[in-house]
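Here's the structure, in structure tokens; my notes come after.
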Amino acid sequence: MTSILIVEDEARIRAFITKGLKAAGYAAVGVATGREGIDHGLSEEFDLIVLDIGLPDIDGFDVLDQLRGSGVRTPVIVLTARTSVDDTVQSLETGADDYMPKPFRFEELLARVRLRLRATADAPGSAAAASATSLEHGGVRLDLRTRRVTVDGAEVELSAREFSLAQELLEHAGQVLTREQLLSRVWGYDFDPASNVVDVYIRYLRRKLGSERIETVRGVGYRLASRS
Ligand code: CA
């Protein structure tokens, strides 16, 4: 089971994240101090660490420094105040893999968690890669390990970005995903919200998977057809 360490001193937020991650199928352990964060992080029993910057004893930057300094490569998502752009830049420089500005909706954090775990799973030889499986819907099959894609049994070539977009749609088959959700989940935080990149890639995917498989929900976003 994929396990995630949450280092957050605010009990309410810690419970919110821990509960949400458990509901999403992860083993989640919450601790309240930087010291405990380091102790748990050094054990390397976790696949991912969600780390708050504002902690009462040792701040998140120092926790990160100490972990990275000890050779711990566990991916880290830093929680930072929405206004602290400098914090964010600093955290990415000190070895965080991603950041989540507060306040956030749980779904936003979950998307980043999945993206980060997926990036780790893609690393050759990782334990996560060995346990990754496949997604299938309406004749479209994605092998998350080999990145092989078939449509009604015939192999299709997808670019890395197309694959991520297809994966996001398959993971939420039948649900409408907004452009904004797809942008933040597939392209990450580093995107221009006004960009039409999602529409462009949906067009590519339709060409490769069959146009009837992806429905446009006018004014909202896109949805994988429940069954064409
Ligand atoms: Ca805090």
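The values are calculated or read from the model by the stated rules, or taken from the named source; none is laboratory data. Keep in mind that this is a model prediction, so the values were computed, not measured. Counting neighbours? That spans all protein chains shown, and the Cβs are built from the backbone with ideal geometry, glycine included. The accessibility values were calculated without ligands, DNA or RNA, using every heavy atom of the protein model including side chains. Shrake-Rupley method; radii C 1.70, N 1.55, O 1.52, S 1.80 Å.
Excluding ligands, DNA and RNA, the accessible surface per residue across the chain is 49 Å² with a 1.4 Å probe. With a simple spin-label model that places each label point 7 Å from the Cα along the Cα-to-Cβ direction, the separation between Lys22 and Ala225 comes to 4.1 nm.
Estimated from helices alone, the mean residue ellipticity of the chain at 222 nm is -12000 deg cm²/dmol (sum of -39500 (n - 2.57) over DSSP H runs with n ≥ 4, per residue). Electrostatic bookkeeping for Val29 treats Lys and Arg as +1 and Asp and Glu as -1; over the other residues with beta carbon under 14 Å from its beta carbon, the sum is -3.
Within the chain, what percent of beta bridges assigned by DSSP are antiparallel, to the nearest 5? The answer is about 50 percent antiparallel.
Starting from 0.36 nm per residue, how many nanometres of slack lie between Met1 and Val29 once their C-alpha separation is accounted for?
Extra length available between Met1 and Val29 comes to 8.8 nm.
The heavy atoms of Glu215 present about 60 square angstrom of accessible area, all protein chains included, probe 1.4 Å.
Using a 1.4 Å probe over the heavy atoms of the protein chains, calculate the carbon and sulfur portion of the accessible area of the chain as a whole percent. Of all accessible area on the chain, carbon and sulfur atoms account for 48 percent. Of the residues Thr150, Tyr26, Ser43, the one whose Cα sits farthest toward the positive end of the charge dipole of the chain, with +1 on the Cβ of Lys and Arg and -1 on the Cβ of Asp and Glu, is Thr150.
About its Cα centre, the dipole of the chain is roughly 1140 debye, where the only charges are +1 on Lys and Arg Cβ and -1 on Asp and Glu Cβ.
Please report the net charge: other residues with Cβ closer than 10 Å to the Cβ of Thr94, K and R +1, D and E -1.
Details: positive: Arg68; negative: Asp62, Asp65, Glu93.
Local net charge: -2.
Placing unit charges on the Cβ atoms only, positive for Lys and Arg and negative for Asp and Glu, gives segment 134-224 a dipole magnitude near 100 debye about its Cα centre. Note on Glu171 and Ser159: the model spin-label points, each 7 Å out from Cα along the C-beta direction, lie 2.1 nm apart.
Would you work out if the chain is rounded, prolate or oblate? Take a ≥ b ≥ c from the square roots of the eigenvalues of the alpha-carbon gyration tensor; rounded if a/c is under 1.5, else prolate when a/b is larger than b/c, oblate otherwise. Note, shape of the chain comes out prolate. Could you pull out which residues in segment 45-78 have an amide N less than 18 Å from a spot 7 Å beyond the Cα of Asp86, following the Cα-Cβ vector? It comes to 53-55, 59-62, nothing else.
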